[in-house]
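Visitor: After the structure tokens below, expect a handful of questions from me.
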Amino acid sequence: MELRESQQQFVRLALDSSCRERLFTEQVKEENLFYSVEAEIRATARSLISKRMGIVGNTLALTRTLLGADFTEKFHEYARNSKEPHGINRHRLDSVRFSQYLAREVQAGEFPRALRDVLTHETIPLQMWMKKKRLATRFYRHDPGSLQHLVRTTGSLDNVTTCLTFVIWRESRNGQGYHWSAFPLI
Amino acid sequence: MPAWLGGIPVLGSGLGFRPPWRDSLIGRDAQASKVDFLEITADHYLDAPRWKLAELTALREHFTLIPHALDLSLGTAEGIDQGYLDKLAELVEYLDPPYWSEHLAFTKAGGRELGHLAPLPFSNEAVDVVARNVEMAKRVIAQPLILENITCDLTMPGSHLPETVFLGEVFAAADCGWLLDVTNLLINSRNHDRSIGAFLDEAPLERVVQLHYVGFARSSSGRLIDNHGARINDEVWDLMELILQRASPRGAILERDQNLPEFGEIMGEVGKTRQLGREAGRWN
């Protein structure tokens with residue numbers, strides 16, 4: 001097998017659980033250049049998912065705190081059912097797509113509705129980066145400062161109060177990223 | 001040794017830039033004077049918004065910046081991504097560094113991205129692939145390239161050369177320097193039960209331009225884990241000292257990506273490297 005084919009097979013084995021299960025069966029042994037290093041390939045596959053989840057978890061830090069073990073379970077579920085993103089912004093895209101996945105779970109009633117505002121709050125800077133936007137505005141159902149405080153102090157949104165809030169996001173001029181200001185409307 | 005290697009200036013003891021240390025570095029915390037140069041992760045500035053590029057401009061006012069790329073995938077047999085290369089070339093041109101760096105690895109194949117550095121087989125075919133891809137990169141990036149040795153959890157099927165021979169052939173065929181990662185060398189040697197002494201005796205140390213070093217973790221089974229998240233271990237210091245005696249790097253970069261400590265603690269490690277390099281006569 002030439003290097004081109006062996007690299008393609010390595011990538012498929014590392015990224016696709018279905019490909020791994022098929023090629024590590026006795027019947028197709030001769031098709032699999034990596035048959036003798038099955039344990040290492042499986043370890044690589046686990047480590048790739050952990051790495052992705054670690055990066056997404058750092059980006060969606062409030063969401064991770066809030067969901068705890070559910071974050072890990074849902075990320076694995078999401079990763080199993082979607083293709084890994086591509087390109088320079090792939091980690092940002094991964095975070096945005098995972099947040100969209102969680103938003104659908106909120107819709108299905110699996111998580112509290114206030115999680116949607118947390119997800120919005122954590123992904124707006126990513127969208128601004130990718131679209132090179134210097135300003136973004138959103139309406140939230142909850143004040144983002146209160147959401148942050150609740151998650152950090154209680155790890156829960158149980159006592160959240162609804163407060164329609166207008167939020168303005170701006171790009172900083174001094175290399176400090178994105179900043180937001182909240183304006184409660186009620 | 002190629003003539004261009006001798007023309008690379010001595011840089012000293014440097015640091016891999018991480019945003020939490022931005023204010024200390026740009027604000028010139030008194031301790032920042034211990035940093036001779038910075039390495040920036042090139043990918044963080046490709047296609048980046050204005051504020052991120054402003055960060056780069058501010059850093060550039062104080063330090064020589066070495067761009068370190070992650071995802072060019074110079075080991076991919078299908079060739080490299082021209083779009084990524086063009087963006088990288090633009091960044092390198094802006095920074096005008098004495099050299100830039102990438103990894104001796106592949107990160108993509110078959111139109112898919114691993115998001116991780118995967119090893120190459122130690123083979124003649126892999127030497128040719130890297131040389132061909134580096135040649136393509138050189139068409140748009142004039143500055144010299146140095147390539148980093150990575151950690152390998154497995155030896156790729158198809159390997160038929162000793163690692164030291166493979167490294168020598170790649171550096172010669174691609175005409176590039178070596179970014180010798182001290183910690184990666186230590187981890188591979190321990191995890192695969194190889195002799196570091198024998199490796200150093202046979203490795204093309206005359207190609208070393210820069211060092212990387214970082215702390216590692218240990219698994220319950222005793223394997224070393226390249227987690228970029230710990231203080232520099234004594235074994236790394238010992239190996240660094242040995243390498244500084246045997247090779248002539250122009251600089252060394254401390255990396256740290258997890259459990260970032262206070263700037264002062266990091267400066268202690270940068271300071272120690274400066275001292276080791278001085279004692280070995282590598283820099284002032």
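Visitor: Please rank B:E255, B:E90, fewest neighbouring Cβ atoms within 10 Å first, as an exposure proxy.
Guide: Fewest to most other Cβ atoms nearby, the residues stand as B:E90, B:E255.
Visitor: Please identify the helices of chain A, taking whole runs of DSSP H, that span at least 20 Å along their own axis as judged from the Cα atoms and have a mean Kyte-Doolittle score of -1.0 or higher.
Guide: Flagged H segments are A:38-59, A:90-107, A:115-131.
Visitor: Ratio of alpha-carbon Rg to the 2.2 N^0.38 Å globular estimate for chain B, to two decimals, please.
Guide: Rounded to two decimals, the normalised Rg is 0.95.
Visitor: While we're here: From Cα pairs below 8 angstrom and at least 6 apart in sequence, can you work out the relative contact order of the range B:3-279, rounded to a whole percent?
Guide: Relative contact order comes out at 19 percent.
Visitor: Towards the positive end of the charge dipole of the protein assembly as shown, with charges on Cβ (+1 Lys, Arg; -1 Asp, Glu), say which of A:L60, B:F263, A:M128 has the farthest Cα.
Guide: The residue sitting farthest along the positive end of the dipole is A:M128.
Visitor: Write down Rg/Rh for the protein assembly as shown, rounded to two decimals, with Rg from the C-alpha atoms and Rh from the Kirkwood relation over Cα pairs.
Guide: 0.98
Visitor: In whole angstrom, how far apart do the alpha carbon centroids of the range A:44-108 and the range A:1-33 sit?
Guide: 25 Å
Visitor: May I pose another question? Between B:I225 and residues 5 or more places away or on another chain, which pairs have amide H atoms under 5 Å apart, with H built 1.01 Å from N, and which residues are they?
Guide: Sorted by chain and number, the residues that satisfy this are B:A217, B:R218, B:S219.
Visitor: Using a cut-off of 12 Å between beta-carbons, work out the net charge of the residues near A:E2 (Lys and Arg +1, Asp and Glu -1, A:E2 not included).
Guide: -3
Visitor: Given q = 0.19 Å⁻¹, what are the Debye log10 I(q)/I(0) values for the range B:129-245, with equal point scatterers placed on the Cα positions and solvent ignored?
Guide: Scattering profile of the range B:129-245, log10 relative to I(0): -1.09.
Visitor: What residue among B:F37, B:F199, B:F216 has the largest mean-square fluctuation in a Gaussian network model of chain B, using Cα springs under 10 Å?
Guide: Looking only at B:F37, B:F199, B:F216, the biggest GNM fluctuation is shown by B:F199.
Visitor: So who's got an amide H within less than 5 Å of the one on B:S248, skipping anything under 5 residues away but keeping other chains? H placed 1.01 Å off N, in plane.
Guide: So B:S248 has HN proximity to B:V208.
Since every read-out is calculated from the coordinates, none of them should be taken as a lab result. Values in this document were obtained by computation on a predicted structure and should not be read as measured data. Cβ atoms come from the backbone with ideal geometry, glycine included; neighbour counts cover every protein chain shown.
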